[in-house]
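Reviewing the structure listed below.
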Amino acid sequence: MKAKFSLFLTLLSLLVFSQIEEAKLDHLIRNTLTTFDVPGISVGIVKDGKVVYAKGFGVNSLTTKGAMNENTLVGIASNSKGFTATALAMLADEGKLSFDDKVTKFLPEFQMYDPYVSQQITIRDLLTHRAGLGLGKGDLMFFPEGGSLTVNDIIHNVRYLKPANEFRNSLDYNNIMFIVAGEVIHRVSGLSWAEFIEQRILKPVGMNSSFGSYNRAVAAGASNIISAHAPVDGKAVAVPHDWNETANAAGGIISNITDMNTWAQFLIDGFTTKDGKKLVSDKQIYQLWNLQIATPVALKNPYDSNFAGYGLGWFLTDVKGHKQVYHTGGLIGTVTQFTVIPDLKLGIVVLTNQQSGAAFSAITNTVKDAYLGIPERNWLKQYGDRMAKINADYEKEKKEIFATSAKFAKERSCQIEAAQVVGMYSDPWFGDVVISQQGKTLRFASKNSPRLTGELLPYSPNVMILKWNDRSYDADAFVYFAFDEKGVAQGITMKAISDVTDFSFDFGDLDFKRKK
């Protein structure tokens, strides 16, 4: 009797949410906009085969002030990785490849830093972040947008990326391996990654407003599309779109809530389209959604999770006894979250045009709690309070570092002179950078990534601060000079001055040597 009563309460809570709590969710989203200074958010929910929520709030751009709605296009970023894995599963069903095929079977020129890994790495390894590369290692080859390196250049330069961990021993989130996976799709199918995704997945699934890349959306005349926004001096401002076409397989898809709801329903229905066509076999779905590499789980956590890790293109965990398949995505000025709980037939999508992950987490967790029958936990307040403190600490840290720089700049002794550091330096995978003198200012500029330019400020006898021209990056870095016996710099290493810096600014992996 007690069990039946509990079941009745759970069913009642779901019914109440779907019929009455819509106003509460509207209120939460509006408050999320203001709490985290997000110009626009769109949210979608599918449950039991129906779309129960699809709305946008705020504006799609602080520049144009257009309304954010369920049809507003947003870069879903790394949520594209699930599409890349799905494409490879389809090719596996067609007998054109296996997840355990060696990468060199399709890309004979492909090499990793370690010759053994070069010979052994498989497509499965590409899709599971277990190749041994560090978090975000190599991302500067395509990030930020505007770099000159091609997909083939990136694939060639992988051989220069020194591993951070043992092969297949840990999950080190990395975008470069998905770029390699995208090129496998190209070589096997004869289509570009974006063409394959649009023709073989987006259109059959019914995602008719979505595109394989931002440039393809613009070329098609899409107008209801966000501007990206990032905080500058504590206030969100519009910033340029940022995603290089070379990295589409890692995060290039442009979509909206309407289409992402359709995607969620397709997945929940066993990768089956609305007209009943199954695009991926159960055998391959098992591969995609089976744990390939595990990550630690805290003994005490909000959802009593017992396992966590990564499948093929998807994060996996359990929440209150239910398997959850999910991913997040982030670009400069955009973050998104996609969640599916298959046995509950529940999908939750949150798309934003600012880069606050706390915003999408507050919404997703609140919705998820409602369907799991968990009492209100006020996730908005929890995340709001937490981020207020974290951001205050970051700002204090950066302020103190620049104060140290300003103080050192007034000293006459032990300062780095222009003659010691001016010149060209080169890193094997990132390419050339130039330090030049312009008047009394020292400037840093990258050859392959022209948006990475900035001013060098004094900090200590052998260290300067690189202050980027684009203040939305929040990625200023320490520049460490290695001097020879004559006091002339022969090498440069770097490190972000603050942990707030996005991991894709992987300065710590650079090792420049003087070129001239």
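Quick grid of which residues meet (1) under 30 Å from ASP476 (Cβ atoms); (2) not small (Gly, Ala, Ser):
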site	(1), (2)
PRO231	yes, yes
GLY270	no, no
VAL280	no, yes
LYS283	no, yes
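Listed here are the residues, each with its yes/no results for (1) closer than 28 Å to ILE226 by Cβ; (2) in a helix (DSSP H, G or I).
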| residue | (1), (2) |
| --- | --- |
| PRO163 | no, no |
| ARG168 | no, no |
| ASP172 | no, no |
| ARG187 | no, yes |
| GLU195 | yes, yes |
| GLN199 | yes, yes |
| LEU202 | yes, yes |
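Within the set of pairs 6+ apart or on separate chains, which have a first residue in the stretch 395-420 that is farther than 16 Å from ASN462 by Cα, a second that is exposed (fewer than 10 other Cβ atoms within 10 Å of the Cβ), and C-beta atoms under 8 Å apart?
Listed pairs, sorted by first residue: GLU395/GLY234.
Being aromatic (Phe, Trp, Tyr) and under 12 Å from GLY311 (Cα atoms) is the filter here; which residues of the stretch 252-296 pass it?
Once the filter is applied, which keeps residues that are aromatic (Phe, Trp, Tyr) and under 12 Å from GLY311 (Cα atoms), the stretch 252-296 yields TYR286, TRP289.
Yes or no: the stretch 417-440 includes at least one residue that is exposed (fewer than 15 other Cβ atoms within 10 Å of the Cβ), on the phi < 0 side of the Ramachandran plot, under 23 Å from the mean Cα position of the chain (by Cα) and not in a strand (DSSP E or B).
No, because not a single residue in the stretch 417-440 is exposed (fewer than 15 other Cβ atoms within 10 Å of the Cβ), on the phi < 0 side of the Ramachandran plot, under 23 Å from the mean Cα position of the chain (by Cα) and not in a strand (DSSP E or B).
For the stretch 381-400, name all the residues that are more than 24 Å from LEU28 (Cβ to Cβ) and surrounded by 15 or more Cβ atoms within 10 Å (Cβ to Cβ).
TYR394, LYS398
Scan (1) of a type outside the set (A, V, I, L, M); (2) in a strand (DSSP E or B); (3) closer than 20 Å to LYS396 by Cβ; (4) within 25 Å of the chain's Cα centre (by Cα) for the single condition TYR473 breaks and write down its number.
With (1) of a type outside the set (A, V, I, L, M); (2) in a strand (DSSP E or B); (3) closer than 20 Å to LYS396 by Cβ; (4) within 25 Å of the chain's Cα centre (by Cα) applied to TYR473, the lone miss is (2).
Would you call LYS399 charged (D, E, K, R), over 27 Å from the mean Cα position of the chain (by Cα), in a helix (DSSP H, G or I) and under 27 Å from GLY333 (Cα atoms)?
Here the answer is yes, as LYS399 does meet what is asked.
Give the stretch 19-78 a look and list any residue that's closer than 18 Å to GLN337 by Cα, over 24 Å from the mean Cα position of the chain (by Cα) and in a strand (DSSP E or B), or say none.
LYS47, VAL51, VAL52, TYR53
Tell me which residues, restricted to the stretch 259-288, are farther than 15 Å from MET90 by Cβ and surrounded by fewer than 21 Cβ atoms within 10 Å (Cβ to Cβ).
Once the filter is applied, which keeps residues that are farther than 15 Å from MET90 by Cβ and surrounded by fewer than 21 Cβ atoms within 10 Å (Cβ to Cβ), the stretch 259-288 yields ASP269, LYS274, ASP275, GLY276.
Since every read-out is calculated from the coordinates, none of them should be taken as a lab result. If you're wondering where the values come from, they're calculated on a predicted model, not measured in any experiment. Cβ coordinates were reconstructed from backbone atoms using ideal geometry, including for glycine residues, and neighbour counts include every protein chain displayed.
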